[in-house]
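The structure under discussion appears below in the form of structure tokens.
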Amino acid sequence: MSVGRICQRDVDLVDLDESAWAAAERMHQRSVGSLVVLNEDRQPIGIVTDRDLVIHVLAQEREPRTTRVREIMTAPIKTISEDAAIEVALSLMRGGEFRRIPVVDREQRLVGVLALDDVLSLLAEEFAEIGSLLDRQSPRAAAESGPGD
């Protein structure tokens, strides 16, 4: 299955010149843990996470209203093609030790974000379907349904 089939297409964004406070407020309002920063061509150039806010603003006692996103965002960032296999995305996340990755089209424009949680949800659904199939085809289920059912 491709990354594009399961990524979240509704992506929350932040501008380079917005304050850390504005980024934190947007994360709170939208109940998200990250915001993507785009260039003028809609290509991802950075990401701000709740962890970035803690490490680069709170822990350093910086003023959140005057600290700009450009000062605290993670950049450069890795991206993945919407056509890539989920296994490739997992390998990239594992190698980079991050939980979210922007998904891009052939022109490197943002189309979504893939979070580790999205992959885990998909796997949970797949395992539940496999479990249901195994239950229906178990010897006990066959015996309970009787011949000709």
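Filtered by the rule that a residue be in contact with a helix residue (DSSP H, G or I) (Cβ under 7 Å, 6 or more places away or on another chain) and aliphatic (A, V, I, L, M), the range 42-60 gives VAL48, LEU53, VAL57.
Table: residues versus (1) under 23 Å from GLU97 (Cα atoms); (2) among the hydrophobic types (A, V, I, L, M, F, W, C).
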| position | (1), (2) |
| --- | --- |
| ALA24 | yes, yes |
| GLN60 | yes, no |
| GLU63 | no, no |
| ARG68 | no, no |
| ALA75 | yes, yes |
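Scanning the range 1-47 for residues that are open to solvent by less than 60 Å² (accessible area, probe 1.4 Å) and touching a residue at least 60 places away in the same chain (Cβ under 8 Å) yields SER2, VAL3, GLY4, ILE6, CYS7, VAL11, GLY33, SER34, VAL36, LEU38, GLN43, PRO44.
Restricting attention to the range 47-88, the residues being assigned to a loop (DSSP other than H, G, I, E, B) and more than 20 Å from GLN108 (Cβ to Cβ) number 9. The set of residues from the range 100-122 being assigned to a loop (DSSP other than H, G, I, E, B) and farther than 17 Å from VAL11 by Cα comprises ARG106, GLU107.
Consider VAL11 carefully, then state whether it is part of a loop (DSSP other than H, G, I, E, B) and modelled with pLDDT under 95. Considered against the rule, which asks whether it is part of a loop (DSSP other than H, G, I, E, B) and modelled with pLDDT under 95, VAL11 comes out as no. The set of residues in the range 57-95 that are within 17 Å of ALA22 (Cβ to Cβ) and open to solvent by 60 Å² or more (accessible area, probe 1.4 Å) comprises LEU58, ARG62, GLU63, ARG65, THR66, ARG68, ARG70, GLU71.
Among the criteria (1) closer than 19 Å to SER2 by Cα; (2) modelled with pLDDT under 95; (3) not small (Gly, Ala, Ser), the one ASP83 does not fulfil is (2).
The values are calculated or read from the model by the stated rules, or taken from the named source; none is laboratory data. Here the structure is a predicted model, which is why all the values come from computation and not from measurement. When we count neighbours, we look across all protein chains shown, and the Cβ atoms used for this are built from the backbone with ideal geometry, even at glycine. SASA here: full protein model, heavy atoms, side chains in, ligands and nucleic acids out. Shrake-Rupley method; radii C 1.70, N 1.55, O 1.52, S 1.80 Å.
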